[in-house]
Each structure stands twice: as structure tokens, then as C-alpha cells.
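Below you'll find the structure, written out as C-alpha cells, and then a few comments.
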Amino acid sequence: MLPPVSAALHATHGGIWLAERGAPVRPLARGEAIARAAEQPLVLLNAPLVGQRLGYAELSGLDLLELFAFVHPARFAVPTPAGLARMLGLAPPAGDDVAAATLLDIADALLARTGAADWPERDGAWTVAQALARLRWPWAQQLLARLTMPERSERGLFARLPEWEEAAPRPQPRSVVITPDQAQAALTRLTGQGAEARPGQQAYAAAAVHAFAPRAAEGRPRLLLAEAGTGIGKTLGYLAPAGLWAEAASGSVWVSTYTRALQRQLDKETHRLFPDPAARHAKVAVRKGRENYLCLLNLEDALYGGFAGRAAVLAQLVARWAAYTRDGDMVGGDLPGWLPSLFRRAGATALTDRRGECVYAGCPHYRRCFIERSIRRAEEADIVIANHALVMLLAERRRDEGRALGRIIFDEGHHLHDAADSTFAAALTGQEGIELRRWIVGPERASRGRRRGLAARLADVVSYDEAGAAALDAIIQAAEALPADQWLGRLAEGAPRGPIEALLGAVRQVVLARATAADAGYGIETEVAALDGPVIEAATAASAALEQLMRPMVALGGRLLAVLEEAPDWLDGPARARIEGAAAGLAQRARTLAAWIALLGRLGGAPDPDFVDWLAVDRVEGREFDIGVHRRWLDPGRPLAAAVLAPAQGVLVTSATLTGSGGWDHAEARTGVRHLDAPVERFAVASPFDYAAAAEVLIATDVPRGDPVALAHAYFRLIAASGGGALGLFTAIARLKAVYARIADRLAREGLPLFAQHVDPIDTGTLVDMFRDDPRASLLGTDALRDGIDVPGESLRLVVMEQVPWPRPTVLHAARRAAGGGGSYDDEVVRARLAQGFGRLIRSARDRGQFVLLSSATPSRLLTAFPAGVPIRRLPLDEVVARVASGLPKPVAIGHQASGD
């Protein structure tokens, strides 16, 4: 057997340490650490992060996270020395200076696990280790020295995955009536006998039954808007009647969220509905878009030559995970979020179906496909957990088919407006155009062995149908008008190829001509107004090219449907599924083309009062990455009401901040229900938390605006005073990075780790897990952290917002501001953002915390965003720091304490 690994390197902002067997841990200078890492493979934890700490981007070594992903696929561990140690039953290190030695202990424990008789993930390990050895993966030889060669060859991954089975369509749900008493009795069963009485939760469950009553007329769903303050426990409050109705009616309830964090929480809460794992597997499904799931055909391509180097290592580790995953979800499922980030741009997204290139039943892995399995599970489940965007797309599709989702619960309902705004938008951009081209003709550099492009996917069908073949040829020929690879370079050189690129070039010229100096370095845009002749002429030519593409696309879709109706002898079940999939894809893209044509028809014409149109050049740090024409609904509640709400039987929209500070009129406007000719029930219950005792708002009056040094100084003092446990929220990534660069090392020397979104090479979900796991850690982030994360307890006791979160002055915002009351519209947006930020602070009855706003010019009218009774103090920074250092008194424990949503 090979000797154990001999040395480990640990690097943080506080220093660099080396642990060698038989020697004390010692600190290293950065240059010596880089030299040691170059001399021999060292044990590391998260090589990209360590490389960033050392200023050495391509650092390689024996990464413990990669080893963990091999030994325990489909398991999660917080990717820190303490997190991995706890996962493996080891003592977490007492500090950074001894963490290097802990890394050696973790390596020993993981390698020893592969020799244990009860190692549950042994199957397939030998085969994958052999493949990784051929790729010269640093851990391979250590593993092969410990693994025993199986007596018989291990089955390949694709042979080991179970096949899904077809099931008869679910019948129409029965019309049943759930009473409030029944819902409350079901809630009592879910919470358990003897649990603390929560009157607000009981009232919520009783009110929620309204959404499950039979509707009185078509287009008039049972609507309930329900605001439930944090701590009410609204998840179980609506799951109780939902589960009761689904069982009695034999129907499905779709529960929709805006964030992945709430999806995970909901998935866990359904254990109460169905304690038996087998029953829960049959009754509960998590449904996501196709782009979230591992594509087995893409994985096969990657394993057999499509990937090379580090990307090939990732493919092998993903294959290892695929054999043990619950559902194949690569984004928010049981694939650790940190695993793809270890490989940076090495191909994780290429393992999912992000371009809609699925060949459906033409795929050799169709019967084992994770995507198809999730779709069928959702069709048969009682409770389907999804996200707002997917629910809207499915509802719109089913409406066009004469069907409906039936019963929908929109949790995080205050985000319905944002979700609808994105879902029902139209954007003709270079990136969108090139994706459509690749879907039709395949990528210009196709990977080996994969049938790509529309012609490859439909070769056998069009050989049977002459009209279909002619339509396909016309589509492929017309697709030449779409942008192709290197289109941005050609536009910069003034040499566009084809009418769409010519349009994008004209758009770019207009936007750059109207840009101001203040726009330098960032995305820029201009409204569609006073356009000159060249832009309008380019739009006319582009529109004609798109119509030339759409006509044969519609024709081919019609021919595919005709083939399905004719049902020739060769049309078996798999072929039918493939043709149905292709027809659906064609219909979806024909709708996109129609939206683009309508958008171009607006250029040079009269404005449409229902829409906002603009031209944009998207940039990151001065580098252009997309150009295009955009359209949004002025009020996205209109298409939301028509496509999603009206066809449903019953809809519950709920949130802790549904009404904001604008009352029920605001809630009805933001959720689209005001556009329905249907009565709306309202329900509200306040949070049981004593916010006046649990929190305070502190406004620093002397931090200069626009001074990054002063801002960083304030953040350092506040985080140091709180001893960590701080969430810093920024309205601009540039300011976040500037503050992080100035304070991370200083805080680390105080023993206070600092993590940052947009800086650390780690996904946001993992950053939150790392923050939650260490009460002395702090986290800096932007909008994604302002809402949707749940960190109760000591890990989050201070929220610092760097300034009043005014909305960006975009073309879209200006139009909505004008339509929504001017300054009062801005105020409502800011109040909602302040309330969301404050809402991260108090997540349970025992939480205590402070919300600090570093903006002396905060208008008093915005302070109604905070719960009534919360003390609000305007103080100099010195006094704010002193209050943070003192903290708030802890509550006296009295029995079971309420917590939750």
C-alpha cells in the first residue's frame, strides 16, 4: 500500500500553514507556500479558493473536496475543515493554525472509509478510480492502493440506473369540500400532539381551505391572498389542507416558490405529511426545468472523449454521483453545490440540457432519463414542488392545450411580479439568436458521437414525410440568417454577417452614441424612440428573415402532428414521444419568433402602451457580452392573470410581506389578481415575535457617501464589534469587492472569517451554508442574499446595508415609475427591499439582532418598512458600534419556541 499523504496546506486571510507528519504545524510565507505546492502534491481544501488566497490561480494538489465527492457521492458536507471533520466524526479544529493538521486527519478518514466493509458507496468505485487514474487524478493511486478489485466486472453506470415506467393519465380530480375544522385537525396531526399551541397557524390553515373549494365559474378561480408574518408556520399551515384535499380529490397541488432555499425547506417539511419514505416518494415530487438535471447523453459524450483534462475528471465524479443521486438534480439537488465550482469553467453546464437539444425517445438512455422521470413523478404526485417561472411556463402551455394546473399555492408571493416580469418578457439578442441557431443546425464545433441539430433528431421522420422534409430544409436554410460564433467580434469590426447581426450592429451604434460618461464600464441602454433610418431598415430586414424562419417551423410542427395522427407502422411508443417532444420544441420556438417579430415591428412605429421596449448593450467591467432589443410588459400581472390564474381552479398567494406598506391594493396589483373578474379573499395574521424586544434599527449618520475607505472602515468595525454573525448587503458588486479587499485580512487576524459573493469561487448556496455553520463568520452579498435565505440563531445577528437600496434608473424602471405614481413607486420598492433585508434577522422566537443602515440621508418616510414597535435610532458610527458590541438581551427560555416561516 502507498504511504499516506504526508503534508497539507491550509490558507485563509489570516495566514498560511503547513502540516507535515511527525512535525508541528508551521506558518509559511506566500512565496514558500507556492514553492512547496509546486514541489509535491499537498492536501488542500478547495484548491481554487486556496489558489486565490495565494494569488496563484492554477494551484493543483490533493483536493479533499474532490476526494469526498468520490467517497461519498450524493452527500453534502460544509466545505470547511470544521464541516468535513464533523461530517466524518472527527473533532473540528480549534483554529486556523491547527486546521492544516485536521486536513491530514480528514484525508486519512476518507481513505480509510474505502476499506470499510460497510462502505455503502462501494459499487462502481473501482471502475471510476481506474478511469480517474488514466486521467492522472492526484487521488487515484491512493484510492487504488486501498480498493479491492471486484471479482466480476462492475456494471456500467447506464446499466445500473433504474428505468421509469409509463402510467395511465391521472383522472380529473373529484369535487370535494374541505372544511376549516378538517384542515385544523390535519394541522394538529402534522405538528404532533403536545406541540405548542399556535393560534395564528391554526387560523391560517382554516383560511387556506378557500383555495381548495370548487370554483363557481370558468375563469373565476378561488383566490386567497394570505399574509402571514415570520414565525406563523405557514408552510404546514397550507400543507395541511393541501394534503387533505389531494387525498380526498385524488388531485395534485402545485406549491411554487421563488428561491431554491424554500424549495429545499418544503421538501423536508413534506416528511410530516408522509412519514413513510416509500409513500413520500410516490406522493411528493420536486419539479424543475430541464436545465437543472443531468443529461445522460451529454454525460456519455463527456465520459467517452467529449471532455479532456480537468473537465474529464469532473465528468467521472459526476458519473459517480449519478449512480447514487435521488433525482439527478445538479442545481440545488443532492449534487454538492461546491463540486462544479472546483472546476470553474470546466464543463458542468455542458452536462445539462441547457440548449433544448434533447432527442427524447431517440436517446439510448431515454428510459433512464432523470428529466423524464421527474416529469412523470410530477404527473402522479399529490404535492408538486416547483418554482414560479416553471409553474408559469407550464400553466401557459397547458392553457394552450385546453388544460390547467388546477390548484396552485404561490409561496414567496411577493416575488410573483418579478417572476412574471422575466417569464413573459421578450428579448432578441445575440446570445438568444445563437442559441436558436445551435438548436436548429447544431453547434459549429459539435462533440464526437452526438446527434445534434434538428435534422439529426428528425432524420427518420422526414424520410417518411416529403412535406416535412421540405419544411426542415427551409428551416435550416433560413437559420443561416441568425447570429453565428464570433458574432461579437464581427460587430466590433463593423462586419456583421446576415440580417440579424446587421440589426445588432445598428443597435450597438445607437446605444453607444447615446451613452454618457457615467455609463462607462457597465451595461448601457436607451429607450426605443427617435430611431434613425439605418436602424429601422435593419429591423425590417431582420423581421423578414425571422418570418422566413417561422413559416417553415410552423409547417414542420404541423407535419409532425399529422404523422402522429396517421400513426404509421414504425411509430412505436418511443418514436411517438420523440416526435411529440420535437413538435413541442418547434411550437415553443415559433412563439419566440412571433414575439421577436412583434418586437421589431415596434421599432419606428407608435408605442404600445402595454409594453416597455428598449435597446441594450450588456457589459461586465467594460467587456461586452450581449446586444439586443428588449420588451417587457408594463404590468406583468396582465399575462400572469390570463395565462396562470384564470385557468386555475384555486390559487393561494402567500408571503410574510405580501402587502408591503401599500396595503391590499398593492398586493392585488403585484400578484395580478386585480385583472381577474373574480372575488378575492384576504387573510392576514401578524408574526408572533416580539420585534420590539428582539431587534433594533440603527442608522449611522456620519459615514460619507461614495467613500469606499470610510465604508470599509464602518464594515470592519461593525463586524468586529459583533464578533461575526454579520450579513452585509450591497447594492453594487464593485462596492462589495472594494470593501472585501480592504477588510478580509484584518478580520481574519481577529479570528473572524469573511466570505463574499462575487469574490470567493464558491456558489452562493454553499457560501450561505458555510456562513450558517460558523457563528464567527460573516458574509457579504447582493440581492440574492437579501431575500430567501434562512439563517436562524447565532450565525446571523447583524445585518448591515451599505446604503438605501434605491432602484436602478433603467428604461423599464422609468416607465413603471411614471405609471405607478412617481416617487411613491420608488418608495414602495425601497420599503420592500428594506423589509426583506430586515426579515433575514429574526427567524425564530429566540433570535436577537440589529439592522444597521449606513446612510445618513435615509428619509423617515421609508422607515415604515420595519415592524411596528422596533426601536429606530439615528446615531454616529461610534455609538452604533458600541450598541452592536453590547448586543441585545437574550430572551428567557419558556418551553417550546415558535420558529419557521
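Read-outs throughout are calculated quantities, based only on the coordinates presented, and are distinct from any laboratory measurement. In this text, all values refer to a predicted model and were calculated from it rather than measured experimentally. Note that each Cβ is placed from the backbone with ideal geometry, even for glycine, and that neighbours are counted across all protein chains shown.
In whole Hz and in residue order, list the ³J(HN,Hα) couplings for the stretch 238-253 that follow from phi through the Karplus curve 6.51 cos²θ - 1.76 cosθ + 1.60, θ = phi - 60°; x for Gly and Pro. Those phi angles translate into 9, 5, 4, x, 5, x, 5, 5, 4, 5, 6, 8, 6, x, 10, 10 Hz. Using equal-weight Cα scatterers in the Debye expression, the normalised intensity of the stretch 530-674 in log10 at q = 0.18, 0.20 Å⁻¹ is -1.10, -1.16. In summary, the aspartates and glutamates within cross-link reach of LYS890, defined as a Cα separation below 13 angstrom excluding same-chain residues under 8 places away, comprise ASP690, GLU794, ASP847. Take the Cβ atoms of GLU681 and ALA29, set R0 to 56 Å, and the FRET efficiency comes out at 0.25. Dividing the Cα radius of gyration of the stretch 1-149 by its Kirkwood radius returns 0.95 for Rg/Rh. For GLN548 and GLU163, the difference between the fully extended length at 0.36 nm per residue and the C-alpha to C-alpha distance is 134.5 nm. Taking 28 Å as the straight-line reach from the Cα of LYS268, the lysines in range (excluding those fewer than 8 positions away in the same chain) are LYS234, LYS283, LYS288.
Among beta bridges from DSSP that stay inside the chain, the antiparallel ones total about 35%. Here the Debye sum runs over all C-alpha atoms of the stretch 122-178 as equal scatterers in vacuum, and log10 of I(q)/I(0) at q = 0.13, 0.25, 0.28, 0.30 Å⁻¹ comes out as -0.51, -1.02, -1.15, -1.22. Here CYS363, CYS369 are placed in order of increasing Cβ neighbour count within 10 Å, fewest first, which gives CYS363, CYS369. The fewest-to-most ranking of LYS283, LYS234 by surrounding Cβ atoms within 10 Å reads LYS283, LYS234.
Highest-first packing order for the peptide set 812-820, 552-560 is 552-560, 812-820, based on the mean count of other beta carbon atoms within 10 Å.
Extending each Cα 7 Å along its Cβ direction at ALA217 and GLU566, get the distance between those two points in nm, one decimal. Once both label points are built, they end up 4.6 nm from each other.
Give the calculated FRET efficiency between ALA467 and GLN588 to the nearest 0.05, with a Förster radius of 22 Å applied to their Cβ-Cβ distance. Result of the calculation: an efficiency of 0.55.
Taken one residue at a time, the phi angles of the stretch 663-670 give Karplus couplings (6.51, -1.76, 1.60, θ = phi - 60°) of x, 5, 4, 4, 5, 5, 6, 6 Hz. Gly and Pro are set to x. In this entry, the stretch 691-886 is assigned a mean projected area of 10.7 nm², taken as a quarter of its C-alpha convex hull surface. Sorting SER463, SER778 from the fewest to the most surrounding beta carbons within 10 angstrom yields SER463, SER778. Three principal axis extents of the chain based on alpha-carbon atoms, in descending order, are 78, 69, 64 Å.
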